[in-house]
1. What value, in deg cm²/dmol to 500, does the helix sum -39500 (n - 2.57) over DSSP H runs of n ≥ 4 give at 222 nm once divided by the residues of the chain?
2. Under a Cβ-only charge scheme (Lys and Arg +1, Asp and Glu -1), can you give me the dipole magnitude of the chain about the Cα centre, in debye to the nearest 20?
3. What shape does the chain take by its C-alpha gyration tensor, where a ≥ b ≥ c are the square roots of the eigenvalues and a/c under 1.5 counts as rounded, a/b above b/c as prolate, and the rest as oblate?
4. Return TYR144, TYR271, TYR96, TYR35 ranked ascending by Cβ neighbour count within 10 Å, so the fewest neighbours appear first.
5. Taking the Cα-to-Cβ direction at SER274 and at GLN414 and moving 7 Å from each Cα, how far apart do the two end points lie in nm?
6. Explain nothing, just the number: dipole magnitude of region 73-301 about its Cα centre with +1 on each Lys and Arg Cβ and -1 on each Asp and Glu Cβ, in debye rounded to the nearest 20.
7. Counting other beta carbons within 10 Å of each Cβ, put ASP190, ASP118 in order, fewest first.
8. Once you put a point 7 Å from the Cα of TYR96 and another 7 Å from the Cα of LEU42, both along the Cβ direction, what distance in nm separates them?
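Quick note: the coordinates plus some simple rules give every number you see, no bench work behind them. Bear in mind the structure is a predicted one, so any value in this text is a computation, not a measurement. Here the Cβ positions follow ideal geometry from the backbone for every residue, glycine too, while neighbour counts run over all protein chains shown.
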Amino acid sequence: MSHASMLGSTQTLQEFLPAEQCMPDFVTRRMDRHYVTRIEQLLGGEHPHAWQPTPANAVYLAGNDYLCLAGEAQLRYAQLAALVQSEGELLMSAVYLQQGSAQHALEQRLAQWMGAQDGVLTQSGWAANVGLVQTLAGPDVPVYLDMQAHASLWEGAQSAAAPAVGFLHNDLAHLAKQLARHGRGLIVVDALYSTNGSVAPLAGLVELAERSGSILIVDESHSLGTHGPQGAGLTAALGLVERVHFRTASLAKAFAGRAGFISCSSRFKGYFLSESRPAIFSSCLLRHELAWLAAALEFIKQADGRRAALHQHSRYVRSHLTALGLNVSDGSEQIIALEAGLEPHTLALRKALERHGVYGAMFCAPATAKNRSLVRLTLNSGLTAAQLEQIVQACDALREELDWQNWSSTRRLQRRSQVSVSQPRVVRYHGGYD
């Protein structure tokens, strides 16, 4: 069925711009795969990411504001003051910022906090990862990526025209085999993975990088602010700061802002700003954005209580879901994956949770492997005891409503209990969402 022929059932020509009404078939075929094959035929006409208005008493677990900074008055006032006091700004690439600028000052503060010599603020975590890998790799430099590494890291390898060599998730033995086969290059991982809350074996990765003469890049997007001394991340928590070449992060998670960051040396910073396409062809951050991030940094440093609450919430929910028989064993931190597998099953899971007042995010291909879609429950430090109990009760209730024993995660747990040693299976890359 062509895109035009399905208009009668789901869309009309008026919903398209004039030029779109006669798009070539190489575009309409791709759109048909989305609207016809996936949405209409597989999911019965419901889009997996379509939201209904959230009830006032709902527990919302689809955001990344782990430490609940978005509502902090002192941060909002810092941003407001920057907006009111500003008399206009020069909007230009960060390449042209003068030494001593507000952006450079914040870069130094962030770097000092993370134990680095210097750093670079970027438009986003995506821009940080793509730009960094692009400046380090090339056609003759392989990039070794954990199968669950964020999509931006895979995009960086593509931008560099570098061979992307995947290795099984958190599997050091498989990585060692790949290094022996393809030679030194970039090893690229997330510290804390965004789909299931698993933690990278950073100490072993450092040893493999050093032994092979490779560069190690660790994306700390989901651990910066939430883990380590004063929230400085998992690399700092493990005392590996001086042995990891580069750390990156999206500041749209625990910082509740909109930017990315790369820790590096001052010498590399100068090189990066001259060679990274995202850095060269993107504007610098605005003064009110810098004000928010600067205030957030000071708040995060003092947020040990909130970090402790976040970790306590994670242990509570995980232990109770495990007791219910749900398989959440792939991760250990504040991101909890309920993996139903097939997309129709996962959509049913999301809707069942919503009927009980719990709103998570549905992850499916390309953020997961094709038949390993899931609902991600992202915990935060502000959850109350009543809300935590509501999450557990909702998961208990859905066991009666859904065929959870046939979920892919449940079957995987059953296989683990039956077979002590199994042959690892290569899965297709599926980079993570935010």
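1. Numbers: 16 runs with 175 residues, N = 434.
Taking each H run of at least 4 residues, the total per residue is -12000 deg cm²/dmol.
2. Values: 36 positive and 37 negative charges, 185 e Å.
Charge dipole of the chain: 900 debye, to the nearest 20.
3. Working: a/c = 1.28, a/b = 1.24, b/c = 1.03.
Cα axes put the chain in the rounded bin.
4. Numbers: TYR144 28, TYR271 13, TYR96 10, TYR35 19.
By the 10 Å Cβ count, ascending, the order reads TYR96, TYR271, TYR35, TYR144.
5. Once both label points are built, they end up 6.1 nm from each other.
6. Details: 15 positive and 17 negative charges, 18 e Å.
Dipole of region 73-301, to the nearest 20 debye: 80 debye.
7. Details: ASP190 27, ASP118 19.
Fewest to most other Cβ atoms nearby, the residues stand as ASP118, ASP190.
8. Placing both labels 7 Å along Cα→Cβ, they lie 4.5 nm apart.
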